[in-house]
1. Let me spell it out: the conditions are (1) away from the ligand (no atom under 15 Å from the Cβ); (2) β-branched (Val, Ile, Thr); (3) over 18 Å from MET17 (Cα atoms), and THR357 meets all of them except one. Which number is the exception?
2. Residue check, ASN10 against (1) at pLDDT 95 or above; (2) more than 13 Å from the ligand (Cβ to nearest atom), all met but one. Which one?
3. Would you pick out the residues in region 339-361 that are loosely packed, with under 13 Cβ neighbours inside 10 Å and either modelled with pLDDT under 95 or closer than 20 Å to ALA61 by Cα (or both)?
4. Does region 326-338 contain at least one residue that is of a type in the set (Asp, Glu), open to solvent by less than 80 Å² (accessible area, probe 1.4 Å) and more than 16 Å from THR31 (Cα to Cα)?
5. Which members of region 139-152 meet the condition of being free of Cβ contacts under 8 Å to residues at least 40 places away in the same chain, in a loop (DSSP other than H, G, I, E, B) and either surrounded by 15 or more Cβ atoms within 10 Å (Cβ to Cβ) or not small (Gly, Ala, Ser) (or both)?
6. Considering only region 82-97, state which residues are under 16 Å from LEU52 (Cβ atoms), open to solvent by less than 50 Å² (accessible area, probe 1.4 Å) and either of a type in the set (Lys, Arg) or more than 17 Å from the chain's Cα centre (by Cα) (or both).
7. Checking GLY303 against (1) within 16 Å of the ligand (Cβ to nearest atom); (2) part of a loop (DSSP other than H, G, I, E, B), only one condition comes out false. Which one?
8. All but one of (1) open to solvent by less than 10 Å² (accessible area, probe 1.4 Å); (2) out of contact with any Asp or Glu (no Cβ under 7 Å at 6 or more places or on another chain); (3) in a loop (DSSP other than H, G, I, E, B); (4) not hydroxyl-bearing (Ser, Thr, Tyr) hold for GLU210; which doesn't?
Amino acid sequence: MKTVGITHLNYLSPDPMTLFTPYNLGPIPLTNRIVMAPMTRCRAIGNVPNDLMVEYYRQRATAGLLITEGVAPSPNGLGYARIPGIYSQAQVDGWEKVTQAVHDAGGKIFVQLMHTGRIAHPGNMEEGAEIVAPSAIAAAGEMYTDALGSQPHPVPKAMTISDIQQAQAEYVQAARNAIEAGFDGVELHAANGYLINQFINTRSNQRTDEYGGSGENRVRFAIEVAQQVAAAIGPERTGIRLSPYGTYNDLEVFEGMEATYEYLAGELGKMDLAYLHLINHPSMAPGEIGAATKVKLQQAFGGTVIACGGLDKATAEATLLAGEADLTAFGRPFIPNPDLAGRMQKDLSLSAPDHKTFYTPGEKGYTDYAMAD
Ligand SMILES: Cc1cc2nc3c(=O)[nH]c(=O)nc-3n(C[C@H](O)[C@H](O)[C@H](O)COP(=O)(O)O)c2cc1C
């Protein structure tokens with residue numbers, strides 16, 4: 001009875017809004033506004049989700065929504081060591097166990113589709129896979145491999161139109177596989193310098209065809225992937241992650257960035273996608289999305305917005321109350337606090353993560369963090 005009363009009050013008045021106010025993400029009811037941000041953890045030996053990963057996600061299922069680590073839609077998209085894919089039957093079967101465990105624990109889960117493009121090394125990839133990108137420009141920096149240690153990023157192959165169509169078809173098939181594996185939806189990783197972001201950014205895209213040059217041309221790949229995936233699995237099951245102003249993985253702040261992202265957000269909004277997930281970067285790397293830009297993107301998109309980057313309970317609730325986002329995502333706090341939602345609700349202290357085990361194989365620093373009680 002008490003719960004009904006509180007819920008009813010929330011409908012009568014937009015306040016008070018807290019992290020624990022339920023939210024309907026289209027057809028998907030979320031029990032709270034806390035989202036686990038996507039985090040690559042490199043535990044997928046052989047690139048197949050395993051029982052350790054089932055346990056990791058199960059432990060964190062009290063978040064309103066979990067977003068998985070970046071998952072390769074195809075062998076060409078698998079640039080890092082020990083990241084999972086979602087293109088083989090074994091991978092789909094492995095993910096099915098993850099989604100089942102999360103659903104059994106009352107949670108919801110989207111898979112993040114991450115095609116790494118030029119952020120890759122052949123040492124991490126299957127034989128026959130190709131490192132592809134909008135232009136043949138190597139990213140500065142190095143990629144870790146298990147066999148050879150850190151290696152410079154190779155010069156990628158500049159994608160032909162047929163390569164572009166193939167990559168788009170891979171996203172679509174991966175999205176279909178995700179639904180087959182029981183995911184509630186997919187998040188397209190269009191941030192942090194991976195393939196879709198490589199098309200958007202002038203540093204990695206120097207094409208002269210319809211996928212390069214103007215801002216409208218550079219976001220064409222993102223828009224087409226979103227349209228095709230939404231057509232395959234439904235726009236209400238398709239979210240997207242953007243990092244305007246982010247320069248991670250050798251990107252630059254380009255002229256007209258604001259207008260380009262506003263146009264992109266508007267086009268994505270027309271598709272009625274499930275959500276727009278914005279990363280505010282200063283928590284990890286330079287590149288802040290100013291308050292005015294956030295409002296412009298939110299208005300251009302017109303749907304559910306997830307805010308992420310350096311949030312804690314107080315700043316996340318302030319973000320919700322200010323109407324700047326509908327959901328708030330936490331990355332690093334979820335690593336050592338599997339029951340982050342419960343701890344925040346009870347105002348318990350939070351544990352600090354061990355950075356050394358972010359990407360190492362095995363359970364240490366992965367599934368061995370304690371619950372509060
Ligand atoms: C270990 C680790 C792995 C990450 N992997 C991904 C990833 O696969 N995909 C992605 O979009 N962001 C990734 N991120 C970025 C997070 O999703 C998030 O944007 C970032 O950690 C900022 O949020 P926070 O301040 O709450 O940690 C990763 C972050 C960390 C710490």
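1. Here THR357 clears every test but (1).
2. Condition not satisfied by ASN10: (1).
3. Let us first name the residues in region 339-361 that are loosely packed, with under 13 Cβ neighbours inside 10 Å, namely 346-347, 349, 352, 355-356.
Correct list: LYS346, ASP347, SER349, ALA352.
4. So in region 326-338, the residues of a type in the set (Asp, Glu) come out as 326.
Filter once more, so that each one left must be open to solvent by less than 80 Å² (accessible area, probe 1.4 Å): 326.
Among the residues that remain, those that are also more than 16 Å from THR31 (Cα to Cα) are: none.
No, every residue in region 326-338 fails to be of a type in the set (Asp, Glu), open to solvent by less than 80 Å² (accessible area, probe 1.4 Å) and more than 16 Å from THR31 (Cα to Cα).
5. Just the residues of region 139-152 that are free of Cβ contacts under 8 Å to residues at least 40 places away in the same chain, to begin with: 142, 147-152.
Adding the requirement that they be in a loop (DSSP other than H, G, I, E, B) leaves 147-148.
LEU148, the sole residue that qualifies.
6. Matches in region 82-97: ARG82, GLN91, GLY94.
7. In the conditions (1) within 16 Å of the ligand (Cβ to nearest atom); (2) part of a loop (DSSP other than H, G, I, E, B), GLY303 misses (1) alone.
8. (1)
The values are calculated or read from the model by the stated rules, or taken from the named source; none is laboratory data. Bear in mind that the values here come from a model prediction, so they are computed numbers and not experimental data. Neighbour counts are summed over all protein chains in view; Cβ atoms, including those assigned to glycine, are modelled from backbone coordinates with ideal geometry. Quick note on the areas: whole protein, heavy atoms, side chains included, nothing else; ligands and nucleic acids left out. Shrake-Rupley method; radii C 1.70, N 1.55, O 1.52, S 1.80 Å.
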